[in-house]
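A short write-up of the structure that comes next.
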Amino acid sequence: MELPVSTPDSGGKKKGSYTIETRNLSYALPTSLYDEVSGIFCCKNPKRPQKFIIKDVNCEARPGEITAIAGPSGAGKTTLLEILAGKISPTKVTGEVLVNGHPVNAKCFRRLSGYVTQEDALFPLLTVEETLMYSALLRLQGGKKEAANRVGVLIKELGLEQVAGARVGRGANRGISGGERRRVSIGVELVHDPAVILIDEPTSGLDSASALHVISLLQVMVAHQGKTIVLTIHQPGFRILELFDRLVLLSNGGVLHNGSLEHLEERIKFSGLQIPPHINVLEFAIDVTGSIVIQTSETPNVHFHIKDQGEKKESLRKDDEGFTVSNHNDMVDKCPSYANSYVEEISILGGRFCKNIFRTKQLFATRIIQALVAGFILGSIFMNADNNLGQVALQTRLGFFAFSLTFLLSTMTEGLPIFLQERTIFMRETSRGAYRVSSYVVANTIVFLPFLLMVGLLYTVPVYWLVGLRGSMDGFLYFAMVVWIVLLMSNSFTACFSALVPTFIMGTSIIAGLMGSFFLFSGYFLSKEKIPSYWIFMHYLSLFKYPFECFLINEYGGKGGKRCLESERGECKLFAIDFLKQQDLKESLKWTNLAVMLSFILGYRVLCYLILWCRCYRTRN
């Protein structure tokens, strides 16, 4: 029994339609530098034969039809779809991809089309409605009213009314079902009502009922809106197979069949094969791929070529009746710019960041509890440690400053998995032209300002007064400000390397190694004079050096400079101001170091922006 599918509301507007065609399309695995070097120096024949993922592919996807790319595992289905979506650079591909008979404009086509990957890249802590709403706000012009109207229609079309307020969920965070999550992923790419939809394995991991529901939704969109839908599929059931208008069967990168299902059945019979009962045509064709002749421009079959031409004329007749076929110039003219201004993008992204932060227990609740508990525990350990005079008391106070910085700088790496998860979604959204890279970086920076200020105050309030640091309000406020800036530095450092590293394990290894090096060269273990000249640059790059000096100047400088730190027989041997002179610290460094720390924050954010921009540029080009 088929699940009910609502009829999409096209709004009565005729939208342009697009026919996608490939001619002699080939893509080979790029040769690695190791293979090239070893081939030159170790082998007599330096050039190895290229391994083609797809070769000489000629196929077509028409408006008002669902075109399914099928084949066994490793046939090149996903690669072909990625080339059509512009995910693989056209410079790495031979042959042509044409849209309405003209070479594709990859930049415009990516923004006009919708591409749904096999893996659902969604924020698990947002609800279904929020997920679609933020996607609509970023990709539609007209503000919240237009976005809300579009999301309301889309939720009804996708049959998600019952779970609109439920969180998407993922892994241990239970949320909606797999079929519902798949429909949400499709909905995210449908908010801007694209004329072309490309979907990789829409039924992967779904039960038969959910899979049929998803394909039925696509069939309704084709019938009522004339969209061009191209999808990859492995082995669909009978009912799903009947919903496809055109089938492209691949095997070892070559096209075995490009046409209707009836055409494929005739081809199999023409090859002298008999389809057993209770086995669908596609499943049998995949099993006997070795017996079907590959279709190329050099090996045409006259009988089926005539049928293809008839199908093509019929399809063109349908286009003339129902939908307007856009020409190449029309596509370029319609190529949308960013839907929102720079400030609007920051506002929308900032709102989404806030919801994700406040709903992430590991990042929000845990960090708050951790800061508060650590403040009380450290305060109780170092309570009134400076009541006694002498070298031991001085070293104890210095140890407290050093451990505080270690705690503050190291705990922010907990946000690395969240940054890496966001990066996947960020790459998908920016590649489709949803927003600017700079808007993402600025929004991320602004959102963390109040959050980290709260974390810093929760740590500072108990620890400052329990330890018995300089008892003045200006000293407390300066200490709190340094703690806040240290947290921002650590957050910016983590964001920068989360943009750079490919995996969580590599990220934690690099960040932990650099943090350890920064602590070693901070001046706490080795004074600047004892650090070898070839390592002195690490002293000035250390994230520990500048806040550590700020803590010392705040405690032993200014009004606290006349305090006695060491005495012998009632006579003071070391005043606080003299201790700072021994450390080669001046009162003016109190503010100069803050400026340096702020420049670190800005520098890491700019570096994060450049890394993300380069990633996006490589994806687009």
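Summary table below
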{"read-out": "Any chance Gln395 is surrounded by fewer than 20 Cβ atoms within 10 Å (Cβ to Cβ), modelled with pLDDT under 90, over 21 Å from Leu122 (Cα atoms) and touching a strand residue (DSSP E or B) at 6+ places or on another chain (Cβ under 8 Å)", "value": "no"}
{"read-out": "Leu602 under 30 Å from Ala106 (Cβ atoms), out of contact with any Asp or Glu (no Cβ under 9 Å at 6 or more places or on another chain) and assigned by TED's automatic domain parsing to the domain that holds Phe497", "value": "no"}
{"read-out": "Total residues in the stretch 556-594, condition within 50 Å of the chain's Cα centre (by Cα) and on the phi > 0 side of the Ramachandran plot", "value": "2"}
{"read-out": "Condition met for Ser492 (part of a loop (DSSP other than H, G, I, E, B), touching a helix residue (DSSP H, G or I) at 6+ places or on another chain (Cβ under 9 Å) and in contact (Cβ under 8 Å) with a residue 24 or more places away in the chain)", "value": "no"}
{"read-out": "In the stretch 178-208, residue surrounded by the fewest Cβ atoms within 10 Å (Cβ to Cβ) [restricted to those that are polar (S, T, N, Q) and touching a Leu at 6+ places or on another chain (Cβ under 9 Å)]", "value": "Ser185"}
{"read-out": "Residue list for the stretch 246-280, filter: out of contact with any Lys or Arg (no Cβ under 8 Å at 6 or more places or on another chain) and surrounded by 18 or more Cβ atoms within 10 Å (Cβ to Cβ)", "value": "Leu247, Val248, Leu249, Ser251, Val255, Leu256, Leu261, Leu264, Arg267, Ile268, Asn280"}
{"read-out": "Matching residues, the stretch 46-71, being in a strand (DSSP E or B) and on the phi > 0 side of the Ramachandran plot", "value": "Asp56"}
{"read-out": "Residue check, Tyr546 more than 25 Å from Pro417 (Cα to Cα), at pLDDT 90 or above and assigned by TED's automatic domain parsing to the domain that holds Trp613", "value": "yes"}
{"read-out": "Set Ser522, Ser439, Ser492: member being surrounded by 19 or more Cβ atoms within 10 Å (Cβ to Cβ) and farther than 30 Å from Tyr342 by Cβ", "value": "Ser522"}
{"read-out": "Given (1) over 21 Å from Ala371 (Cβ atoms); (2) outside any helix (DSSP H, G or I); (3) of a type outside the set (Val, Ile, Thr), number of the condition Leu469 does not satisfy", "value": "(1)"}
{"read-out": "Where Gly74 falls short, out of the listed (1) at positive phi; (2) surrounded by fewer than 18 Cβ atoms within 10 Å (Cβ to Cβ); (3) part of a strand (DSSP E or B)", "value": "(3)"}
{"read-out": "Every pair of residues 6+ apart whose Cβ atoms lie under 6 Å, when the first sits in the stretch 117-135 and is among the charged types (D, E, K, R) while the second is assigned to a helix (DSSP H, G or I) and buried (at least 19 other Cβ atoms within 10 Å of the Cβ)", "value": "Asp120/Arg181; Asp120/Ser185"}
{"read-out": "Test: residue in the stretch 310-326 that is farther than 30 Å from Ala28 by Cβ, assigned to a loop (DSSP other than H, G, I, E, B) and modelled with pLDDT of 70 or more", "value": "no"}
{"read-out": "Residues located in the stretch 134-175, provided they are over 20 Å from Lys227 (Cβ atoms) and buried (at least 22 other Cβ atoms within 10 Å of the Cβ)", "value": "Tyr134, Leu137, Leu138, Ala147, Val168"}
{"read-out": "Residue under evaluation Leu477, criteria (1) assigned to a helix (DSSP H, G or I); (2) touching a residue at least 12 places away in the same chain (Cβ under 8 Å), criterion not met", "value": "(2)"}
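Matching residues to (1) part of a loop (DSSP other than H, G, I, E, B); (2) within 30 Å of Tyr604 (Cα to Cα); (3) basic (Lys, Arg); (4) in contact with a Cys (Cβ under 7 Å, 6 or more places away or on another chain):
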site: Tyr540; (1), (2), (3), (4): no, yes, no, no
site: Leu543; (1), (2), (3), (4): yes, yes, no, no
site: Glu555; (1), (2), (3), (4): no, yes, no, no
site: Leu565; (1), (2), (3), (4): no, no, no, no
site: Lys573; (1), (2), (3), (4): no, no, yes, no
site: Lys581; (1), (2), (3), (4): no, no, yes, no
site: Asp584; (1), (2), (3), (4): yes, yes, no, no
site: Lys590; (1), (2), (3), (4): no, yes, yes, yes
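The values are calculated or read from the model by the stated rules, or taken from the named source; none is laboratory data. Source: prediction; values computed, not measured. Note that we place each Cβ from the backbone using ideal geometry, even for glycine, and neighbour counts take in every protein chain shown.
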